[in-house]
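This report refers to the structure that appears directly beneath it.
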Amino acid sequence: MLRTLHSEWGKTWSVRAPWICLAATVVLVLATASSLANDFLHGASIGEVPEGATMPLMDAVGPALLLGQVGFAAFAMLLVTSEYSTGEIRSTLRARPDRGTVVAAKGAIAAASGAAVGAVSGAGAALVARLVLGDALAEPPAPYLEVALRSAALLAVAGVLVVAVGTLLRSAAATLSAAFVLLLGTLVLPAGASRWFPGEAASTLLSGDGDPYTAPVGLLVVAAWAAVLLGLALWTIQRRDA
Amino acid sequence: MSKRYGGTLAVDGLSAVVGPGRVTGLLGPNGAGKSTALRVLLGLDRPTSGCALVDGRRYADLADPLHTVGAHLDARSVHPGRSARDHLLALARSNRIAARRVGEVLEQVGLAAVARRRIGTYSLGMGQRLGIAAALLGDPGILVFDEPVNGLDTDGVRWIRGLLRGLADEGRTVLVSSHLMAEMHQTADHVVVLGRGRKLADCATEELADRADDTVVLRSPDPDAAERLRAALPAAAVTAARHDPGELHVTGADERQVGEAAHGRGVVVHHLARRPSTLEAGYLRLVGDDIEYAGRPSAPEGS
């Protein structure tokens, strides 16, 4: 497993696209958080928002990270789909015929990268939102460490989920649209149903407002989806022709 | 071993042993099942029935397969955005191969100078060389190449020929699929011919080539040489070459019989030899039978 991880790690960073996807994810999260905070200030200035109202930090940071999942999904997707689109998978599986190990290594890289980029973009978004909101920030704001931990956990688990979907679908376009539907699209489901899907669960994990369940449960719901899909992916790749 | 894709039986009960110390050519027309057989052998596809074993084990059961089997299937099993060096380094790491081997094989295939360039900028020939470098990386005892000379210039073709011979002479097992018969005639010691998924021949290269032509060519300045030979060899057919009436083609007699007949009848002989047989002719005769069979209305569809 360790040498497969070492090999996959080297592969990941020796092409350009992953770097671009991660940079784009951070920019997307920071820009969205700043834009949401600014919208609130604008609403206050034109009287849409009552005088003296304040914005909770996570109202700006949470939606920004939900959107950021899609940018990060592009990164996690590429770990698998670029193998199939280029034909590299034939080299990879000849070198490591224990295919489950390859998928597990890619999942681990997606999780580690998700944790890193989640922590950076979560803390960064919190900083930007604080700077933009100033006095309009609701007290007490969530500490940086907590925001960073929540967003790191979310992107780590979402990364594994996307690697699993990519392994099942193999096509980049299909994987990205499936990831979009799972991670964000399920937010539009009726409240009773959506709580069991990754969209609502991720939102609850980030906001930590206890509705409909606590943040750790939200993380567990996303993780359960990731685990089931990963199990399916491992089962499938062992049996499928490369 | 058999392999079915949906309704198509790509390999149909193929059974063959590829031995060490020689170059074995895997020949056959498009759709004959060559690539499928190699994909099953290398653990990429699962056989529908039977199995393919490498040193007595399934490929998937090899712990670090690059030390046992090196393969080059096509120049598109790589990420074009990565450098050759990084591509080989990832393969080396995955199979516990020392990083210095990467430099060695790049040197060996002549890509050392462009090792840090993106693979996408390589020519087809350079891509082939990279694939061969990857196959040699683990210093394996078994090498499998699918159409390795495609896209190579004359120099590259000669290089591959020498490389394959050298690998076999070192006692390694070398399996090469190709549709270039002249090339295979020069390189392969042994051939396995596939047609519509079945094995049509499994023999020494010369044996398949020898089946091709039993014509003896004789050149004589005597204008009545043909008549005299016909009289001496009633069982044989003697015809004059279209482009040169002095060149006679004899079938139905070997060069010893023709030579003795010419001597007996006092025919002056300037040249006497069996026409050089080609692997291509032997192959076409073999595969041609198969294509005729396939063309019968009652034959199943697809290939």
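Mind checking which residues of the range B:169-183 are modelled with pLDDT of 90 or more and of a type in the set (A, V, I, L, M, F, W, C)?
To start, the set of residues in the range B:169-183 that are modelled with pLDDT of 90 or more comprises B:169-177.
Hits for the range B:169-183 are B:174, B:175, B:176.
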**Message:** If residue B:63 meets every condition in (1) assigned to a helix (DSSP H, G or I); (2) surrounded by fewer than 24 Cβ atoms within 10 Å (Cβ to Cβ) apart from one, which number is that one?
**Reply:** (1)
**Complete:** The condition from (1) exposed (fewer than 15 other Cβ atoms within 10 Å of the Cβ); (2) closer than 14 Å to residue A:137 by Cα; (3) not hydrophobic (A, V, I, L, M, F, W, C) that residue A:47 misses is numbered (2)
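Being small (Gly, Ala, Ser) and more than 20 Å from the chain's Cα centre (by Cα) is the requirement here; does residue A:43 meet it?
Yes, satisfied.
Could you say which residue among B:172, B:118, B:161, B:165 is basic (Lys, Arg), touching a helix residue (DSSP H, G or I) at 6+ places or on another chain (Cβ under 6 Å) and either within 13 Å of chain A (Cβ to nearest Cβ) or surrounded by 15 or more Cβ atoms within 10 Å (Cβ to Cβ) (or both)?
B:161
Taking residue A:210, is it assigned to a loop (DSSP other than H, G, I, E, B), surrounded by fewer than 14 Cβ atoms within 10 Å (Cβ to Cβ) and at positive phi? Please lay out each step first, then the result.
On the way: assigned to a loop (DSSP other than H, G, I, E, B): yes; surrounded by fewer than 14 Cβ atoms within 10 Å (Cβ to Cβ): yes; at positive phi: yes.
Taking the combined requirement at face value, the residue satisfies it.
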**Message:** Quick check on my filter: what residues within the range B:66-106 are within 7 Å of another protein chain (Cβ to nearest Cβ), of a type in the set (A, V, I, L, M, F, W, C) and in contact with a strand residue (DSSP E or B) (Cβ under 8 Å, 6 or more places away or on another chain)?
**Reply:** B:71, B:73
**Prompt:** When you go through (1) within 30 Å of residue A:239 (Cα to Cα); (2) away from chain B (no Cβ under 14 Å); (3) not in a helix (DSSP H, G or I); (4) not hydrophobic (A, V, I, L, M, F, W, C) one by one for residue A:107, which number turns out not to apply?
**Reply:** (3)
**Request:** Kindly list, by first and then second residue, each pair from a residue in the range B:240-263 that is closer than 25 Å to residue B:210 by Cβ and touching a residue at least 12 places away in the same chain (Cβ under 8 Å) to a residue that is of a type in the set (S, T, N, Q) and exposed (fewer than 14 other Cβ atoms within 10 Å of the Cβ), limited to pairs with Cβ atoms under 8 Å and residues at least 6 apart or on different chains.
**Result:** B:248/B:239; B:249/B:239
**Request:** Looking at (1) more than 26 Å from the chain's Cα centre (by Cα); (2) modelled with pLDDT of 95 or more; (3) of a type outside the set (A, V, I, L, M, F, W, C), find the lone condition where residue A:106 falls short.
**Result:** (1)
**Message:** With the requirement that a residue be surrounded by fewer than 18 Cβ atoms within 10 Å (Cβ to Cβ) and either within 16 Å of the chain's Cα centre (by Cα) or not in a helix (DSSP H, G or I) (or both), what does the range A:15-29 give you?
**Reply:** A:16, A:19, A:20, A:23, A:24, A:27
**Message:** facing chain A (nearest Cβ under 7 Å) and in contact (Cβ under 8 Å) with a residue 60 or more places away in the chain: is that true of residue B:44 in this structure?
**Reply:** no
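Filter the range B:47-60 down to residues that are touching a strand residue (DSSP E or B) at 6+ places or on another chain (Cβ under 9 Å) and either assigned to a strand (DSSP E or B) or within 12 Å of another protein chain (Cβ to nearest Cβ) (or both), then give me how many there are. Steps first, please.
First pass over the range B:47-60, keeping only residues touching a strand residue (DSSP E or B) at 6+ places or on another chain (Cβ under 9 Å): B:47-52, B:54-55, B:59.
Imposing the further condition that a residue be either assigned to a strand (DSSP E or B) or within 12 Å of another protein chain (Cβ to nearest Cβ) (or both) reduces the set to B:47-49, B:54, B:59.
Qualifying residue count, the range B:47-60: 5.
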**Asked** Does residue A:92 fit the bill of being within 29 Å of residue B:144 (Cβ to Cβ), modelled with pLDDT of 95 or more, among the hydroxyl-bearing types (Ser, Thr, Tyr) and more than 18 Å from the chain's Cα centre (by Cα)?
**Response** yes
**Item:** Residue count for the range A:66-102, restricted to those that are crowded, with 20+ Cβ neighbours inside 10 Å and outside any helix (DSSP H, G or I)
**Value:** 3
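Between A:49, A:147, A:120, A:132, which is outside any helix (DSSP H, G or I), more than 30 Å from residue B:72 (Cα to Cα) and of a type in the set (Val, Ile, Thr)?
Working: A:147 fails: outside any helix (DSSP H, G or I); A:120 fails: outside any helix (DSSP H, G or I); A:132 fails: outside any helix (DSSP H, G or I).
Step by step, each of A:49, A:147, A:120, A:132 is checked, and only A:49 is outside any helix (DSSP H, G or I), more than 30 Å from residue B:72 (Cα to Cα) and of a type in the set (Val, Ile, Thr).
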**Prompt:** Which condition does residue B:25 not pass, out of (1) more than 11 Å from every other protein chain (Cβ to nearest Cβ); (2) in a loop (DSSP other than H, G, I, E, B); (3) in contact (Cβ under 8 Å) with a residue 24 or more places away in the chain; (4) not acidic (Asp, Glu), if it passes all the others?
**Reply:** (2)
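The values are calculated or read from the model by the stated rules, or taken from the named source; none is laboratory data. What you see is a predicted model; the values in this text were computed from it and never measured. FYI the Cβ positions are ideal-geometry reconstructions off the backbone, even for glycines, and counts take in every protein chain you see.
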